[in-house]
Amino acid sequence: MKHAAAILTLSGLLAAEAAAAGDFCTEWAYHSAGSEARLTERVPGGEHCFLANGAVEAAASDTVTLYVLTARNFAGDMDEQVFVRWWDGTMAHWVMGAWVRNVELDAGNGFRGQPEEGAVTADLWRIDIPPLVTRPGDNFYAIQLKGYRADDAEERYLLCRAGGDFSRTNRLGQIWSASEEFDGQDWKMIIRPEP
């Protein structure tokens, strides 16, 4: 009987976790599948790539601009924010993104082959990392999708590489995790010192 009770308890916990996770939509979240896609894939309906300068190197005086796609109302009934966690080699900086516009995706005008049928309204976000945040050398970043309300917050992280038990891949090929422990899974930028 102990085993049956343990199985029922575990089943209940998994169902509750799935229900809570069901309110937070990661299926339409996208910055880059791997490292190179951010350099070549254009934002749906836009002129810029997901890494706007189109190179993994930038001068120390440059602003680095990133674009992120999310589902509309990705955090369910919570308020939404998009951040980048930028690691300059010595410390983390949190930079907030700004909502740009809605993006309509359908089977005839989709992104990465999605949606296969029907239509989806996505949101496009822009994050500008100013030169005062970057440092010459290797810099690393991950995207944080955040839902919040007065008594609660929930986060997901968009990553370059899978790792650990918490990584998943969505329908667009974007790796994401609910864990804040993502060392070695984030994207790399090289900041060149000024001559």
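Compared with the rule-of-thumb size 2.2 N^0.38 Å for a compact globular protein, region 23-76 has a Cα radius of gyration ratio of 1.28.
Inter-label distance, E36 to D106: 3.4 nm, where each label sits 7 Å from its Cα along the C-beta direction. Restricting attention to the chain, close to 95% of DSSP beta bridges with both partner residues there are antiparallel. Split the accessible area of region 41-97 by element, probe 1.4 Å, and carbon with sulfur accounts for 46%.
Note on S61/R161: beta-carbon distance plugged into 1/(1 + (r/R0)^6) with R0 of 25 Å gives a FRET efficiency of 0.25.
Backbone amide hydrogens, once placed in the peptide plane, bring A60 within less than 5 Å of R192, E194, excluding anything fewer than 5 places away on its chain. Find the centroid of the Cα atoms in region 107-165 and in region 21-59, then give the distance between the two in whole Å. With region 107-165 and region 21-59 each reduced to a Cα centre, they are spaced 8 Å. With N as its number of residues, region 81-169 has a Cα radius of gyration that, divided by 2.2 N^0.38 Å, comes to 1.32. Stretched out straight at 0.36 nm per residue, the stretch from D138 to E47 would grow longer than its current Cα-Cα span by 30.0 nm.
Determine one quarter of the surface area of the Cα convex hull of the chain, which equals its mean projected area, and express it in nm² to one decimal. It would help to have the intermediate numbers written out before the result.
Values: hull surface 53.5 nm².
So the Cα hull casts an average projection of 13.4 nm².
The protection proxy used here, the mean number of other Cβ atoms lying within 10 Å of each residue, ranks peptides 179-189, 102-112 as follows, highest first: 179-189, 102-112. Per-residue ellipticity at 222 nm, computed for the chain from helices alone with -39500 (n - 2.57) per DSSP H run of at least four residues, works out to -4000 deg cm²/dmol. Net length available on complete extension from E194 to D77 is 37.6 nm, with 0.36 nm assigned per residue and the Cα-Cα distance removed. In this structure region 62-195 gives 50 Å² per residue of accessible area when probed at 1.4 Å with all protein chains present. Relative to the longest principal axis of the Cα atoms of the chain, the long axis of helix 2-22 lies at roughly 40 degrees.
The values are calculated or read from the model by the stated rules, or taken from the named source; none is laboratory data. Nothing here was measured: the structure is a model prediction, and the numbers come from that model. Because the Cβ atoms are built from the backbone with ideal geometry, glycine has one as well, and the counts that use them run over all protein chains shown. In case anyone asks, the SASA skips ligands and DNA or RNA and just uses the protein heavy atoms, side chains included. Shrake-Rupley method; radii C 1.70, N 1.55, O 1.52, S 1.80 Å.
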